Amino acid sequence: MEAIVTNKQVLVSPIESMLKYNGRYGEYGGAYIPDVLAKPLERLAAEFDKHTATSEFRKEFIYLLKQYVGRPSPLYRASRLTDYVGSTIYLKREDLNHTGAHKINNTIGQALLAKRMGAREIIAETGAGQHGVATATAAALMGIPCKVFMGAKDAERQALNVRRMRLLGAQVITTTMGTATLKDAVDAALMYYAEHPESFYLLGSQVGPHPYPKMVGYFQSVIGQEAREQILLQEGRLPDSIFACAGGGSNAIGLFSGFLDDTEVQIYGAEGGGQAVQGNTAATLSFGKPTVFQGTYSYCLVDENGNPCESHSVAAGLDYPGISPQHAYLKDTGRVKYFPVTDSEAIKAFELLSQLEGIIPAIESSHAVALATKLLKGKGQLAIVNLSGRGDKDVERDF
Ligand SMILES: *Cc1c(COP(=O)(O)O)cnc(C)c1O
């Protein structure tokens, strides 16, 4: 396992395959932003390219992933789940990372970049508080002051994460705009950023304007890089299929990027299906339309007038009307197949994995488990499912 993170190849090849897109994924992506943000984002893109090309930056990032986050995360053969499904299933254990999910890979990477850029302040948005906690953690680690924007309704529902962020030294700023949830927190953070373009905006998923989708894809690519090496080590071959849940799409692109060029590997994304009907879903690629939303051109859930509308999912991390422009491209080209997984299917998988393996998955990750369980039943395949996070946060909920 040692070799996986110390290997010089780690994080080198993924950026090359990302670079060719340079902000566009087919017709998707780009930067649809107010003029005041053009310069700061251009600078961000240039600084990202400059620093990630140096071995000092990569060394420090890899050191922190290893000694602070606890990477490489294990690739675990889930034997009882395997027997139950009738296909061999490995779980990529992102739930075992420091702070309990994949989000820390990205926040450490971006916070490290913020430090290199001399940023005096990090700002971020959060829905359920997961990204806010991961950002506050990375900001504390780098010694940079941090402001987290959060919908007032979310702050009330997620009081524990608000306390965590404050304990980590972050300032939590609540907004009562709109429905006072994630989309409004993003708007509030974007408004603040437009007024304070010298701040470093640390975005939590593979969304927003260029260079965010590229940066987030790069920092999360460690997941797929490790998983590919681990499955070759343990099984001596590539998997037949891989699965991840897709909210904004960051844990999914992290896993998928390790296998995109392996055309024999089938790739599946599990969306937050909600009730899986128009108007009551968060399955953006299954029910949405291409439109400009929060800085990027990608699929988005829209109302009858074509305006971005609210999403609905039992999983806060999947409850977002937008999606990564790279996933939009991967859907259109057919390389990845996306399916809505309903709330009740995810809840069943949440209980199933807890009881079969002694692993309580995040309700978000449970969507990927549910899709794999459904598509692989009795198929005798070899598969990897990305367990994006742990489910402690979901235990007290009344499903
Ligand atoms: C935030 C979150 C997600 C969704 O975000 P992506 O960017 O789609 O990965 C999924 N799982 C967990 C555990 C999360 O915290």
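Just so it is clear, none of the values below were taken in a lab; they were calculated from the coordinates. In this text, all values refer to a predicted model and were calculated from it rather than measured experimentally. Every residue, glycine among them, receives a Cβ derived from its backbone with ideal geometry; neighbour counts consider all protein chains shown.
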Read phi for every residue in the stretch 196-211 and hand back ³J(HN,Hα) as whole Hz from Karplus 6.51 cos²θ - 1.76 cosθ + 1.60, θ = phi - 60°, with x for Gly and Pro. 10, x, 7, 6, 9, 8, 9, 7, x, 9, 7, 10, x, x, 4, x
Please compute P(r) over all alpha-carbon pairs of the stretch 275-396, binned at 5 Å starting from zero, and give each bin as a whole-number percent. 2, 11, 19, 21, 19, 14, 9, 4, 1, 0
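Working out 0.36 nm times the residue gap between Tyr32 and Glu351, then minus their Cα-Cα distance, what length gain in nm do you get to one decimal? Write out the running numbers ahead of the final one.
On the way: separation 319, 0.36 × 319 = 114.84 nm, distance 4.14 nm.
Length gained, Tyr32 through Glu351: 110.7 nm.
Let a ≥ b ≥ c be the square roots of the eigenvalues of the Cα gyration tensor of the stretch 156-275; is it rounded (a/c under 1.5), or, if not, prolate (a/b larger than b/c) or oblate? The partial results should precede the final answer.
On the way: a/c = 2.28, a/b = 2.10, b/c = 1.09.
The shape class here is prolate.
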Local net charge near Tyr192, Cβ-Cβ under 12 Å (Lys/Arg +1, Asp/Glu -1): -4
Rounded to the nearest 5, what % of DSSP beta bridges with both residues in the chain are antiparallel? 30 percent
Summing -39500 (n - 2.57) over every DSSP H run of at least 4 in the chain, dividing by its residue total and rounding to the nearest 500, the 222 nm mean residue ellipticity is -12500 deg cm²/dmol
Mean Cβ-within-10 Å packing, highest first, puts peptides 42-51, 251-260 in the order 251-260, 42-51
³J(HN,Hα) across the stretch 107-117 via Karplus (A = 6.51, B = -1.76, C = 1.60, θ = phi - 60°), whole Hz, x for Gly/Pro? 5, 5, x, 5, 5, 5, 5, 4, 4, 4, 7
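With Cβ to Cβ distances under 14 Å as the rule, what net charge do the other residues near Glu351 carry (K, R +1; D, E -1)?
-2
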Measuring from centroid to centroid over Cα atoms, what is the spacing of the stretch 126-144 and the stretch 170-210 in Å? 13 Å
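Applying 1/(1 + (r/R0)^6) with R0 = 25 Å to the Cβ-Cβ distance of Arg163 and Arg43, what FRET efficiency is obtained, to the nearest 0.05?
Values: r = 35 Å, r/R0 = 1.39.
Given R0 = 25 Å and the Cβ-Cβ separation, E is 0.10.
How would you classify the stretch 132-214 from its alpha-carbon gyration tensor, with a ≥ b ≥ c the square roots of the eigenvalues: rounded for a/c under 1.5, else prolate if a/b is greater than b/c, otherwise oblate? Walk me through the numbers before you get to the answer.
Details: a/c = 1.61, a/b = 1.07, b/c = 1.51.
Judged from the Cα gyration tensor, the stretch 132-214 comes out oblate (a/c at least 1.5, b/c at or above a/b).
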For Ala114, the net charge from surrounding residues (Cβ-Cβ under 11 Å; K, R +1; D, E -1) works out to +1
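Where the eigenvalues come from the Cα gyration tensor of the stretch 356-399, what are the semi-axes √(5λ) of the equivalent ellipsoid, largest first, in whole Å?
Working: eigenvalues 102, 21, 16 Å².
Semi-axis lengths for the stretch 356-399 are 23, 10, 9 Å.
Express the relative contact order of the stretch 111-163 as a whole percentage, based on alpha carbon pairs under 8 Å and six or more residues apart in sequence. Write out the running numbers ahead of the final one.
Numbers: 63 pairs, mean separation 21.9, N = 53.
So the answer I get is 41 percent.
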Quick one: compute the contact order of the chain, relative version, from alpha carbon pairs under 8 angstrom and 6+ residues apart, as a percent. 20 percent
Considering only Ser73, Ser87, Ser298, give the residue with the highest GNM mean-square fluctuation for the chain, with springs between Cα atoms whenever their separation is below 10 Å. Ser87
Would you list which aspartates and glutamates come within 18 Å of Lys66, measuring only between C-alpha atoms, while excluding same-chain residues fewer than 8 positions from it? Glu2, Glu56, Glu94, Asp95, Glu226, Glu229
Could you check the spin-label model distance between Arg120 and Asp262? Points 7 Å from the Cα along Cα→Cβ, value in nm. 4.8 nm
What dipole magnitude, in Debye to the nearest 20, does the chain give about its Cα centre under +1 on Lys/Arg Cβ and -1 on Asp/Glu Cβ? 780 debye
Over 18 Å between alpha carbons, listed pairs Lys153/Lys183; Lys92/Lys115; Lys92/Lys183; Lys289/Lys337; Lys115/Lys147: Lys92/Lys115; Lys92/Lys183
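Would you mind working out the magnitude of the charge dipole of the stretch 110-165 relative to its Cα centre, with +1 at each Lys and Arg C-beta and -1 at each Asp and Glu C-beta, to the nearest 20 Debye?
It comes to approximately 140 debye.
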Going residue by residue through the stretch 175-192, the Karplus relation 6.51 cos²θ - 1.76 cosθ + 1.60 with θ = phi - 60° gives ³J(HN,Hα) values, rounded to whole Hz and with x marking Gly or Pro, of 10, 9, 5, x, 8, 6, 10, 3, 4, 6, 5, 4, 4, 5, 5, 5, 5, 5
How long, wide and thick is the stretch 93-151, going by the Cα atoms along their three principal axes, in whole angstroms, largest first? 33, 26, 13
Ranked output for segments 379-389, 287-297, 29-39, 233-243 by mean other Cβ atoms within 10 Å, highest leading, reads 379-389, 287-297, 233-243, 29-39
I'd like to know which of Tyr193, Gln381, Ala138 lies farthest towards the positive end of the charge dipole of the chain, counting +1 on Cβ of Lys and Arg and -1 on Cβ of Asp and Glu. Ala138
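With the cut-off at 1.5 for a/c, could you classify the chain from its C-alpha gyration tensor as rounded, prolate or oblate?
Values: a/c = 1.39, a/b = 1.19, b/c = 1.17.
It comes out rounded by the Cα gyration axes.
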Projected onto the charge dipole of the chain (unit charges on the beta-carbon of Lys, Arg, Asp and Glu, signs +1, +1, -1, -1), the Cα from Ala45, Ile173, Val148 with the largest positive-side position is that of Ala45
